[in-house]
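Student: Here it is: the structure, laid out below.
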Amino acid sequence: MNQLSENPIGIFDSGLGGISVVRAIMNLLPDERLIYFGDTARVPYGAKSNETVRRFAQQITNFLLEHQVKMVVVACNTASAVALDDLRARWNLPILGVIEPGSQAGAANSPNERIGVIGTTSTIHSGAYERSLKSINPNFNVISKECPLLVPMVEEGWPEDEVLFGVLSRYLGIFNQTKIDSLILGCTHYPYLRKAIQTVVGSGVTLIDSGEETAKAVVKILRDKNFLHRHSPEDGERRHHFYVSDFPQRFQETAARFLGRPLENLFRVELEVLESYNVE
Ligand code: DGL
C-alpha cells in the first residue's frame, strides 16, 4: 500500500456549491477521508477577475496541502477554468478540475458533435470547456451560454419554482434552435436544477454533471497511483472535515440542503489566516 493512501482528499469550491462534488465522491469512495474548503466569505467567484480567482485558489490549495492531502479536487468550475494550469504548475501532486471530466463525458454523449455548455460568466468567457472539447474533437460544435442568475436561485432554494422556469426558458432557449446532443452543467450549483433543466431542454438532450464525472476521475487517479484508501476494521468511522471562510446568513440550512445532512467537523478559517497562505 502506498504511504499516501491514508491521507485525505482535498476538495475546494468558492462556497458550498462544491458539496455536490463531495456527495458524488462520498458515494463512490465511502472509505476516503475528505477535507473540504468552501470560500464562503469570498463567493461568488463567477463574476471576479481571473487574477483574483487564481490568488484565492492558490491560498486554498496551500491550506489543503498543509493538511497533508494526497490530491486536490478543484470542485469549482470557475476556479477550474481560470486557475487549474497555474496550480498544476506550482505543485507536484494530482490536481483535478471539473472541466476535463465534464468534457470527456460530453464528448462521449454527443454522436452528432453538437454540445451545449452552461456556466457562470467567468467560466463561459474563459472558453475553457470549448478548448477542452475541441482538443478531444476539433469538429465539435460547442454552444455556450452564461447563466448568472441560476446560482442565487439555487441558494435561495427554488428548484421547481415558476420564476426559475421563466429564467431557464430564457437562458436555454438557444439550445432549442441549435439541436444539441448533450448539455454540460458547468457549475457546481446546476445539478440541483437537473430536473427543471431537463424539462426545459427536453428528454432528447443528455445532461452531463461535471461533478459526478469528476468523482469518477478521482477514483481512476487514486487507483492508478495506488493511493486508494484501504479500509480496515480499526478505521472506525471515517471523519470528514469542512472548513469555511465565513458563516453567512442561513448557512446551516443551505449546507444541510446541499449535503443532505448537517456538515460534521465544521471550522471557520479567518480571512487573515487564509490570506497568510498566499504564495508568490
Ligand atoms: N462554484 C462556482 C462554479 O462552479 C459557482 C459559484 C460562484 O460563482 O462562485 O462556477
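Student: Can you pull the percent of the stretch 170-280's accessible area that's carbon plus sulfur, 1.4 Å probe, other chains left in place?
Tutor: With neighbouring chains kept in place, the figure for the stretch 170-280 is 49 percent.
Student: Follow-up question, since we're still on this one. Can you tell me which lysines have their Cα less than 26 Å from the Cα of Lys70? Leave out same-chain residues fewer than eight positions away.
Tutor: Lys216, Lys220, Lys225
Student: Per residue of the chain, what 222 nm ellipticity follows from adding -39500 (n - 2.57) for every DSSP H run with n ≥ 4, rounded to the nearest 500? Show your work: numbers first, answer last.
Tutor: On the way: 12 runs with 127 residues, N = 280.
Dividing the helical sum by the residues of the chain leaves -13500 deg cm²/dmol.
Student: Show me 245-254, 113-122, 264-273 ranked by packing, highest mean number of other Cβ atoms within 10 Å first.
Tutor: Values: 245-254: 14.6, 113-122: 24.6, 264-273: 12.6.
In descending order of packing, they fall as 113-122, 245-254, 264-273.
Student: Using alpha carbons only, how many angstrom separate the centre of the stretch 5-80 from the centre of the stretch 97-133?
Tutor: When both Cα centres are located, 20 Å separates them.
Student: Another question, if that's okay. So what's the angle, to the nearest 10 degrees on a 0 to 90 scale, between helix 19-28 and the longest Cα principal axis of the chain?
Tutor: 70
Student: Still on this structure, please answer the following. Over the chain, with the other protein chains present, what is the accessible area per residue in square angstrom, probe 1.4 angstrom?
Tutor: 44
Student: Working out 0.36 nm times the residue gap between Ser135 and Asn50, then minus their Cα-Cα distance, what length gain in nm do you get to one decimal?
Tutor: The span from Ser135 to Asn50 would gain 28.4 nm if fully extended.
Student: Which lysines have a Cα lying under 24 Å from the Cα of Lys179, excluding residues fewer than 8 positions away in the same chain?
Tutor: Hits, sequence-local ones excluded: Lys134, Lys145, Lys195.
Student: For the chain, what are the per-bin percents of Cα-Cα distances with bins 10 Å wide, up to the bin holding the maximum?
Tutor: Going from the shortest bin to the longest, the percentages are 7, 30, 36, 21, 6, 0.
Student: To test your reading of the geometry: what angle, between 0 and 90 degrees and rounded to tens, separates the Cα axis of helix 77-90 from the longest principal axis of the chain?
Tutor: With both axes taken from Cα atoms, the answer is about 40 degrees.
Student: Another question, then. Taking the chain as the reference, fit the longest principal axis to its C-alpha atoms, fit the long axis of helix 99-108 to the helix C-alpha atoms, and give the angle between the two in degrees, 0 to 90, nearest 10.
Tutor: It is inclined by approximately 50 degrees.
Student: Would you mind computing Rg(Cα) / (2.2 N^0.38 Å) for the stretch 195-277, counting N as its residues?
Tutor: Its radius of gyration relative to the 2.2 N^0.38 Å reference: 1.55.
The values are calculated or read from the model by the stated rules, or taken from the named source; none is laboratory data. Predicted, not measured: the structure shown is a model, and the values here were computed from it. Heads up, the Cβs are rebuilt from the backbone with ideal geometry, glycines too, and the neighbour counts pull from every protein chain shown. Calculation scope for accessible area: heavy atoms of the full protein, side chains included, ligands and nucleic acids excluded. Shrake-Rupley method; radii C 1.70, N 1.55, O 1.52, S 1.80 Å.
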